[in-house]
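Engineer: Dropping the structure in here first, questions after.
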Amino acid sequence: MKRLTIYFLFLFITILLAGCGRQAVALHKQGTYQYKNSTIELSKKVRTLDISVDSGKLQIFCWDKPEISCEIKHTVRDKKTDEQLQKLLNKFSVKSTVKDNICYISVDYDGNIKNSNDIFSEVKLTIPRRINSIELVQEQGSLVVEDKFEGSIKAELEAASAEIKALYGSMSIHCENGNFRLNSGRLTRASEVKIEKGNIYVKAECEGKSTHSFETRTGNIELTFPVTSAISLDTAGTISHNQFTGSEGDIKVNASTKFGKLSINGYIN
C-alpha cells in the first residue's frame with residue numbers, strides 16, 4: 001500500500017511538472033521572418049504605380065534605372081511553435097502585374113491582424129524617376145517617400161502615418177488614424193490632406209492660382225509657406241499663430257481642426 005501511494009504521488013508530481021512546462025512554452029512569444037526580393041521590368045510607357053499593403057512599413061526610393069526593385073521582409077510574432085509560426089508566415093503574398101501601362105504591387109496577409117506589431121511587412125520599393133503617379137492603399141503601419149518625387153501622390157490610409165520628404169506636384173491624402181508630414185517641395189494644382197485623428201505638418205511652396213485643403217478632426221495643423229506667398233486663408237478652429245493675417249492672393253488655403261490648434265508660419269527661401 002505504501003509503494004502504491006508513493007507511485008501515485010510520483011505520477012501526480014510528474015503530470016504537474018509537465019503541465020507547468022507546457023504552460024511556460026505557451027507563454028513565450030517568439031518570432032520568425034522571411035525575405036522576398038524581386039525586380040519588376042517596366043516599359044517606358046509605364047508611368048503609374050498602384051500599391052496595396054495590409055500591414056507594415058513602406059519606404060519608397062527613386063533611381064534612374066528602368067526597373068522597380070522590391071525588397072520585402074515578412075515578420076510574425078506569436079506564442080506558437082516554429083511550425084505554427086511558419087504557417088502564419090505562409091499567409092503572406094506578394095503580387096505584381098503590369099496592365100494598361102500601370103504597375104500593380106500588392107503585399108497582403110490572408111488572415112486576421114490583431115496587432116500590427118506582431119504581423120507586418122517591411123517593404124522597400126525603389127522606383128524609376130519617370131514614374132509620375134503613385135496610388136496607394138495601406139491599412140496599418142507607416143509610409144515614407146524617402147527621395148524627391150515629381151508628380152502626384154494619392155494615398156488612402158487606415159491606421160498609418162505618412163511622411164513625404166520632398167514633393168513637386170500634387171497630393172491627396174486621406175487617413176483615419178495617423179500623422180502626416182511633408183518636409184519640402186512645391187504644390188501644384190489642388191492638394192488635399194484629410195485626417196480623422198492625427199496631426200498635419202506641411203512645409204512647401206504653392207503654385208499660383210492653386211487651392212489646397214488641410215483638415216483634421218482631432219489634431220494640430222502646422223503649415224509653413226514662403227513669406228512672400230500670395231495666400232488667402234480660410235480657417236476653422238483655434239489659431240495659435242498666423243503670419244499671413246490679412247494676406248490676400250490667388251493661392252487659396254483652407255485649414256480646419258475641431259479639436260486642436262492651427263499654426264500658419266512663413267519662411268524665407
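Engineer: So how many residues does the stretch 179-195 have that are crowded, with 16+ Cβ neighbours inside 10 Å and within 19 Å of the chain's Cα centre (by Cα)?
Structural biologist: 9
Engineer: State which residue is surrounded by the fewest Cβ atoms within 10 Å (Cβ to Cβ) when the search covers only the stretch 86-125 and only residues that are of a type in the set (S, T, Y) and more than 12 Å from V76 (Cβ to Cβ).
Structural biologist: T97
Engineer: Select from the stretch 107-145 the residues that are assigned to a strand (DSSP E or B), modelled with pLDDT of 95 or more and aliphatic (A, V, I, L, M) and list them in ascending order.
Structural biologist: V107, V123, L125, I127, I134, L136, V137, L143, V144, V145
Engineer: A further question follows. When you go through (1) farther than 29 Å from F149 by Cα; (2) touching a strand residue (DSSP E or B) at 6+ places or on another chain (Cβ under 6 Å); (3) surrounded by 17 or more Cβ atoms within 10 Å (Cβ to Cβ) one by one for K80, which number turns out not to apply?
Structural biologist: Of the numbered conditions (1) farther than 29 Å from F149 by Cα; (2) touching a strand residue (DSSP E or B) at 6+ places or on another chain (Cβ under 6 Å); (3) surrounded by 17 or more Cβ atoms within 10 Å (Cβ to Cβ), the odd one out for K80 is (2).
Engineer: Keeping to the stretch 196-205, report how many residues are surrounded by fewer than 24 Cβ atoms within 10 Å (Cβ to Cβ) and within 14 Å of N179 (Cα to Cα).
Structural biologist: The total comes to 5.
Engineer: A follow-up question, please. Of the residues G141, G169, G198, which single one is touching a residue at least 60 places away in the same chain (Cβ under 8 Å) and at positive phi?
Structural biologist: Just a single option satisfies the conditions, and that option is G141.
Engineer: Look at E67 and say whether it is farther than 19 Å from A155 by Cα, more than 22 Å from the chain's Cα centre (by Cα) and not hydrophobic (A, V, I, L, M, F, W, C).
Structural biologist: On the way: farther than 19 Å from A155 by Cα: yes; more than 22 Å from the chain's Cα centre (by Cα): yes; not hydrophobic (A, V, I, L, M, F, W, C): yes.
Answer is yes for this residue.
Engineer: Let me confirm something: among D54, D147, which residue is closer than 23 Å to G178 by Cα, in contact (Cβ under 8 Å) with a residue 40 or more places away in the chain and crowded, with 18+ Cβ neighbours inside 10 Å?
Structural biologist: D54
Engineer: Any idea which of (1) within 17 Å of T48 (Cα to Cα); (2) under 16 Å from the mean Cα position of the chain (by Cα) is the one F149 doesn't satisfy?
Structural biologist: Status for F149: all satisfied but (2).
The values are calculated or read from the model by the stated rules, or taken from the named source; none is laboratory data. What you see is a predicted model; the values in this text were computed from it and never measured. Using ideal geometry, Cβ is built from the backbone for each residue, glycine included, and neighbour counts are taken over all protein chains shown.
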